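Data first, discussion second: the structure below is written as structure tokens.
The values are calculated or read from the model by the stated rules, or taken from the named source; none is laboratory data. All values reported here derive from a predicted model rather than from experimental measurement. Note that each Cβ is placed from the backbone with ideal geometry, even for glycine, and that neighbours are counted across all protein chains shown.
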Amino acid sequence: MNFEFSPEQVQLREEVRRFLAAECPPAKARQAIEAGGTHDPQLWDKLAQMGLIGAAIPEDMGGVGLGYLELCVIAEELGRTVAPVPFAPSVYLGAEMIRELGTAGQQARWLPALATGEAIAAFALAERPGPNRPEAVAATLAGGRLNGTKIAVRGGDCADVAVVAARLDGQVVPCLVDLAQDGVTRTPVTTLDPGLGHATLSFRDVAAEPLATGAAGWAAIRRALDKAAVLMAFEQLGAAERTLDMARDHALDRIAFGRPVGSFQAVKHALADLYTAVVLARSNCWFGAWALSADAPELAEAAAAAWLSACEAARVCAKESLQLHGGMGFTWEADSHLYYRRANLLATALGTMAEWEDQLVDAVVAKQESAGREKAA
């Protein structure tokens, strides 16, 4: 059985890789940090011109109309370059929730602008550090007016529209908010990776429209997080593979005691461990890509497995790549720290690791219990 992407999807990967190699070398992320900006507007425009931002948005809404598998391919290549753009909050979360949950009017207003990059979306859920739980949401939506504060919203510094989790009639629901309104306050937040802008968003009597109501509201939020976890896992996978390549290349080039440092047993073992982590992450990411594209009931399990393994691979590969580069790896001019920053920041983007571990364990236990009942019957 072949689990690899199709020839067309492989060709897409090659095209995106060539484009990003020319337009977004790792130095681009360093320049964005040095300039004090939170993303690169020129790169964002070029991604839009390539059709990458609107890849999964329907053609009748101004997008390209590709599927989730193609979006996974694009995500992996973005991760390889630590691109300083708000791709994940705008594409994986904001635009996707509007596409799936929005009314025809909401879609017509926002999706064409999101597809062309003219507008940027964000997703605001967290109000305090910790797991994403319904009981942690205190923001309120009453009479079409939103009040509350969301912390560390990725893309919140530059977004035009946000999907915000709020409490309506006792239930947590996602609601759509135009961030150009009076009553919206943005406070920039400094993070480990300044190339990804974050802000605290405060809402005071702001007009908002619910995207889903009742118990379906929190279910829609959880589904959005699962889908985003698969796509962001591919970003982490791309970063992990790139830092493994960087460590391998340096180990082959660096000479110590008259021979390449890659010939030393300790370095060989370290690289082998990194390769194992990348292969494990890739297999789980493929599982997640299948579950996402097939809308399979295993999505929650697959998303958790992909996210956990990809985050671990990105973290350990970035850390060991930095170490294997020796003293130069800790300098500002080296690229290793850019990937280390990104890997650790992204690992916090969708809640705590403990939360995702619990989700994976719950899914596996539920599957075992179901199999046991079927066998007993």
ask   = Do we find a residue being surrounded by fewer than 17 Cβ atoms within 10 Å (Cβ to Cβ) and not small (Gly, Ala, Ser) anywhere in region 87-103?
value = yes
message = Return the pair list, or none, for Cβ contacts closer than 9 Å from residues in region 2-24 that are closer than 15 Å to GLY67 by Cα and in contact (Cβ under 8 Å) with a residue 12 or more places away in the chain to residues that are part of a helix (DSSP H, G or I) and among the small types (Gly, Ala, Ser), at least 6 apart or on different chains.
response = PHE5/ALA289
ask   = Which members of region 37-49 meet the condition of being crowded, with 17+ Cβ neighbours inside 10 Å and either charged (D, E, K, R) or without any contact (Cβ under 8 Å) to a residue 60 or more places away in the chain (or both)?
value = ASP40, LEU43, LYS46
inquiry  = Take the residues in region 234-271 that are under 30 Å from ALA88 (Cβ atoms) and among the polar types (S, T, N, Q); name whichever of them is surrounded by the most Cβ atoms within 10 Å (Cβ to Cβ).
reply    = THR243
task = Would you be able to say whether some residue in region 68-83 is small (Gly, Ala, Ser) and surrounded by fewer than 24 Cβ atoms within 10 Å (Cβ to Cβ)?
result = no
task = Six or more apart or on different chains, Cβ under 8 Å: which pairs go from a residue in region 78-98 that's of a type in the set (Lys, Arg) to one that's in a helix (DSSP H, G or I)? Could you list them?
result = ARG80/ARG17; ARG80/LEU20; ARG80/GLY238; ARG80/ALA239; ARG80/GLU241; ARG80/ARG242
ask   = From ASP178, ASP160, ASP193, which residue is crowded, with 17+ Cβ neighbours inside 10 Å, more than 17 Å from the chain's Cα centre (by Cα) and under 25 Å from LEU43 (Cα atoms)?
value = ASP160
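Go through the residues of region 321-344 one by one and say whether even a single one is part of a helix (DSSP H, G or I) and on the phi > 0 side of the Ramachandran plot. Walk me through how you get there before you give the answer.
Here is the first cut: in region 321-344, the ones part of a helix (DSSP H, G or I) are 321-324, 326-330, 336-344.
Now drop any that are not on the phi > 0 side of the Ramachandran plot, which leaves 326.
Checked against the condition, which is being part of a helix (DSSP H, G or I) and on the phi > 0 side of the Ramachandran plot, region 321-344 yields at least one hit.
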ask   = Are any of the residues in region 112-122 among the acidic types (Asp, Glu), out of contact with any Gly (no Cβ under 7 Å at 6 or more places or on another chain), at pLDDT 95 or above and over 18 Å from LEU43 (Cα atoms)?
value = no
